[in-house]
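Structure record follows, encoded as structure tokens.
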Amino acid sequence: DYAYRILRKNIMMLNLKPGEVLSEGDLSELLGMSRTPVHEALILLKNEDLVDILPQRGSKVSCISLNLVKEGFFMRQILEAAIIGEIAGSLSREQMVLVRENLRQQEELLAGPEPSTDQFLDLDDRMHRLLYTFSSRDRIWEAMHALNSHYDRVRYLDTLVNTVDLKTLQAHHNILYYYLLLGIPGDV
């Protein structure tokens, strides 16, 4: 589990770049563990299309697929609009406190001298995961999160290359908070 989490995060944050060769031996040494958990982590990452395992030749970080990016965006757009429409205006006080706390953490991070894109995107993911949890769809989150890996890689790359204003993203989250609090007239 540890090897999977570390490798996935490094692929998602582009510390391990698309096309980069992955040596099980080197990764085992770097992570301070045997090859077996690293090998198993690579298989899990292959199932998410993040790693290509080449028989008798090793593994490499998969290149970003535009088709998988489009598919991930479509899936997230449809699912989240439906979930928000379903739960908006009906969340408990405790649920709204969790959303508000996430927003407070975003604000605090962005108020710092050099906000971390990694940390902001982690908070963003946590906020979106709350939507699935509130609608009792944690399994859908897990499935969507795994299938959305290429979309998420592009999202991260976009924030780095195009210097996306994280404060604008945070402002959208504030609007979402009020939709969740008050309900949404009509479609999202």
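The values are calculated or read from the model by the stated rules, or taken from the named source; none is laboratory data. On a predicted model such as this, the values are computed, not experimentally measured, just so you know. Cβ coordinates were reconstructed from backbone atoms using ideal geometry, including for glycine residues, and neighbour counts include every protein chain displayed. With ligands, DNA and RNA removed, areas are computed over all heavy atoms of the protein, side chains included. Shrake-Rupley method; radii C 1.70, N 1.55, O 1.52, S 1.80 Å.
At-a-glance table
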{"item": "3J(HN,Hα) from dihedral phi, the stretch 170-180, Karplus parametrisation 6.51/-1.76/1.60, rounded to Hz, x for glycine, proline", "result": "5, 4, 5, 5, 5, 4, 4, 4, 6, 4, 5"}
{"item": "Computed accessible area, His150, all protein chains, 1.4 angstrom probe, square angstrom", "result": "10 Å²"}
{"item": "Geometric extent, Cα atoms of the stretch 1-119 - Rg, Dmax (angstrom)", "result": "18.8, 55"}
{"item": "Distant-in-sequence amide H partners of Leu16 (H built 1.01 Å from N, under 5 Å)", "result": "Ile11"}
{"item": "Nearest-10 value in Å² for the accessible area of Tyr151, using the 1.4 Å probe", "result": "40 Å²"}
{"item": "The chain: angle of helix 117-134 to the longest principal axis, Cα-based, in degrees nearest 10", "result": "60 degrees"}
{"item": "Accessible area of the stretch 128-188 belonging to carbon and sulfur atoms, whole % at 1.4 Å probe", "result": "58 percent"}
{"item": "Nonlocal amide H pairs with Val51, under 5 Å, H built at 1.01 Å", "result": "Lys46, Ser62"}
{"item": "Stokes-Einstein translational diffusion, the stretch 63-188 - Kirkwood Rh over all Cα pairs, 0.692 mPa s, 37 °C, in µm²/s", "result": "214 µm²/s"}
{"item": "The chain: relative contact order in percent, alpha carbon pairs under 8 Å with at least 6 residues between", "result": "29 percent"}
{"item": "Per-residue ³J(HN,Hα) for the stretch 11-23, Karplus 6.51 cos²θ - 1.76 cosθ + 1.60, θ = phi - 60°, Hz, x for Gly and Pro", "result": "6, 5, 8, 6, 6, 9, 7, x, x, 5, 6, 10, 9"}
{"item": "Loop trypsin sites (Lys or Arg not before Pro), the stretch 1-61 (other Cβ atoms within 10 Å of the site Cβ: 14 or fewer; DSSP)", "result": "Arg57"}
